[in-house]
Each structure stands twice: as C-alpha cells, then as structure tokens.
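Read the figures in this text as sums done on the coordinates, not as results from a lab. In this text, all values refer to a predicted model and were calculated from it rather than measured experimentally. FYI the Cβ positions are ideal-geometry reconstructions off the backbone, even for glycines, and counts take in every protein chain you see.
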Amino acid sequence: MWNTIDNLDYEGAIYRPPSEARSIILQVTVGCSHNKCTFCTSFKDKRFRIKDQAAVVSDLKKAARLYPKNKRLFIADGDALIMPMSYWQWLMPAIREHLPWVERIGVYATGRAIRKKSADDLQWLREYRLGIIYMGVESGDPETLAYVNKESTAEQLIEAGQKVKAAGINLSVTVLLGIAPTGRSLAHSQRTGELLTAMNPDYVGVLSVIMCEGSELEKLVNQGRHHMLTSVEILMELREMLIYTELSKGLFMANHASNYLPLKVEMPQGKIQAINMLDAAINGQVHLRPESLRAL
Ligand code: SF4
C-alpha cells in the first residue's frame with residue numbers, strides 16, 4: 001500500500017484495461033469478488049471489500065487537484081460493478097460533485113455483477129456517465145467455462161452482455177485463447193465466436209493465456225493435466241474464433257502483449273484480410289512475437 005500527497009491511495013497492484021491508460025484510476029473496491037478463475041492471480045493477495053466512503057472522498061479531492069483535465073475515470077479493482085446500488089447511489093453523485101469534467105466512467109464487471117443489476121439500475125448508472133463496462137467472458141464453451149472456474153454459464157454471459165448494450169452502455173468483452181481442456185480447443189473457439197456474435201459487443205479484446213506463478217493453471221500444468229498450446233495452436237484458435245464471430249460493427253482486437261500476432265480488425269469489413277494474415281502466420285510466413293516478449 002502506498003499513500004503520498006501526490007497520488008491517490010491504492011492498495012496493492014492496480015489493473016486497468018489498456019484503453020484506460022490515461023484515465024483517472026479511482027480504487028473503490030479492493031480485489032475481485034469472485035477470485036477463483038484458474039488462470040488468474042491478479043487479486044490473489046487481496047480479500048474483496050468495498051472501501052469506506054471517507055477514503056474514496058479523500059481520493060476524489062486529490063484527483064480534483066491532480067487531474068483537472070482528465071475526462072475519463074476508471075473504477076478499480078476487478079468486478080467493481082458488484083457493489084450494491086446503495087453504494088453506487090452515493091458514489092456517482094460524489095464523482096460528479098468532485099470531478100464534474102469527467103465525461104466517461106468505466107468499470108470491470110463479471111456476468112454475476114451485471115445479473116445483479118436491473119435494467120433500471122444500469123440505465124441510472126449510464127445517466128451518471130457509466131459509459132463502458134469491461135466484461136471478462138473468456139469463453140463461450142460450457143465445458144471450458146466450467147474448467148476455468150468462471151462463475152457464469154454461456155447463456156448467462158450472453159444475457160448480461162445484451163443487458164449492458166440495451167442500457168446504452170458500451171460493452172468491451174475479453175476472451176482468452178489457450179484455456180480449453182484437452183480436446184476442446186476447437187469447441188472453445190467456435191462457441192466463443194458464437195457467443196460474441198450473440199452479444200455483438202462494441203469491442204472484443206483477445207488475450208492468449210500465460211501461465212502465472214502460483215495459479216491453479218500452473219498446478220494443472222505441473223500435474224500434466226493441462227497442455228499449454230503452441231504458438232501455432234493459439235493462432236489456429238484465434239482463426240477459428242474469428243471465423244465464427246459476426247459483429248455488425250466494432251473492433252476485434254488481438255493486439256494485447258500476450259498475443260503472438262498483433263491484430264486489430266475493424267468488423268465486419270476487416271475480417272477476411274485478418275483471416276488471410278492468420279493463415280500466413282500459421283504457415284510460418286509472418287514473424288511472431290517471441291515468447292520472451294509476451295506479457296499479461
Ligand atoms: S473474475 Fe476476473 S479478476 Fe476475478 S478471478 Fe476471474 S479473471 Fe480474475
């Protein structure tokens with residue numbers, strides 16, 4: 001934990017989406033309310049809780065001094081949307097009071113957190129400038145979702161994503177390559193493409209799994225119960241997923257540092273060109289990001 005006059009008060013490491021790099025990061029919850037996904041160690045050292053209002057007000061006052069021009073704010077940590085509406089009904093007016101220049105607020109959310117919000121709740125949050133929800137979906141394959149210990153079914157995730165969009169809030173969805181149990185790689189790719197098609201999010205972020213020290217995934221690998229895919233197998237998953245993904249518009253991005261081949265596809269028009277690029281990479285005709293430069 002660090003706390004100086006020149007910074008906001010953060011407990012532990014802070015994670016935010018790449019697109020929030022220039023945003024004010026306001027930590028309102030600590031940790032992740034789920035914290036059980038097999039591949040994730042981001043919040044393992046944190047017990048989930050909501051910060052008390054006095055601590056948040058102190059940060060809002062500091063933010064008003066430090067960031068008088070930032071129009072975007074991201075509410076950390078993982079799954080902050082899970083906070084009850086009673087807390088949101090205090091928080092959003094407080095943000096408006098202290099940082100009236102902020103135009104867009106973003107937050108991470110699990111499917112469960114979205115399910116717990118009514119359509120009216122989401123509409124109210126949007127009116128208070130909740131402009132984007134980042135949802136870690138990982139897969140649309142039921143067996144893969146159960147295998148990685150996600151807390152929602154594919155149907156629940158689709159319903160949650162559609163609810164966000166119906167409220168007029170932008171939806172950014174993250175999916176993960178290389179997490180399927182043995183023999184489910186193809187099903188994971190195809191079902192995930194179908195899930196994305198049903199959700200029709202504004203942004204898709206594709207990441208490739210990296211085995212984190214201390215994760216459940218590491219244990220499975222060490223016990224010989226999970227096979228880490230090769231770079232070519234990962235690219236084949238990505239290709240299949242893209243084939244099965246039909247978006248009316250939006251960005252399909254596989255340009256995160258964990259990926260072997262950076263891709264940013266404008267949907268739907270860029271899809272064919274991206275598939276051709278993936279074919280060339282699978283055939284060894286394109287230089288891939290070296291293993292040593294991959295990162296989460
Ligand atoms: S819901 Fe997200 S932050 Fe929480 S454990 Fe799973 S991947 Fe990690």
Open item on the list: I want the local charge near LYS51. Using Cβ-Cβ distances under 9 Å, sum +1 for each Lys or Arg and -1 for each Asp or Glu among the other residues.
Closed with: -3
Task: Restraint check, LYS117/LYS219; LYS71/LYS117; LYS62/LYS150, Cα-Cα greater than 27 Å - done: LYS117/LYS219; LYS62/LYS150
Open item on the list: Show me the helices of the chain, taken as full DSSP H stretches, that run 15 Å or more along their long axis by Cα and average 0.5 or above in Kyte-Doolittle hydropathy.
Closed with: 231-244, 271-282
- [ ] With the Cα gyration tensor of the stretch 9-114 in hand, give its eigenvalues times 5 under a square root as the equivalent ellipsoid semi-axes, listed largest first in whole angstrom.
- [x] 23, 15, 13
- [ ] State which entries of LYS51/LYS116; LYS163/LYS249; LYS36/LYS116; LYS44/LYS264 exceed 24 angstrom in Cα-Cα distance in the structure shown.
- [x] LYS44/LYS264
TODO: Could you give me the percent of Cα pairs per 5 Å distance bin for the chain, shortest bin first, beginning at zero and ending with the bin that holds the maximum distance?
DONE: 1, 5, 12, 16, 18, 16, 13, 9, 6, 3, 1, 0
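For ASN283 and THR182, compute 0.36 nm times the residue count separating them, minus their Cα-Cα distance, and round to one decimal in nm.
The ASN283-THR182 span can extend by a further 34.0 nm.
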Open item on the list: Sort TYR67, TYR134 by Cβ crowding within 10 Å, fewest neighbours at the top.
Closed with: TYR67, TYR134
- [ ] Straight distance only, please: which aspartates and glutamates reach the Cα of LYS271 with their own Cα at less than 19 Å, same-chain residues fewer than 8 apart left out?
- [x] GLU194, ASP202, GLU237, GLU240, GLU246, ASP279
Task: Lone cysteines, the chain (no partner Cβ under 4.7 Å) - done: CYS32, CYS212
Task: Simple spin-label estimate for ARG115 and LYS44 in nanometres, 7 Å along Cα-Cβ - done: 2.6 nm
Task: Check: the stretch 18-282 dipole with +1 on Lys, Arg Cβ and -1 on Asp, Glu Cβ, in debye - done: 980 debye
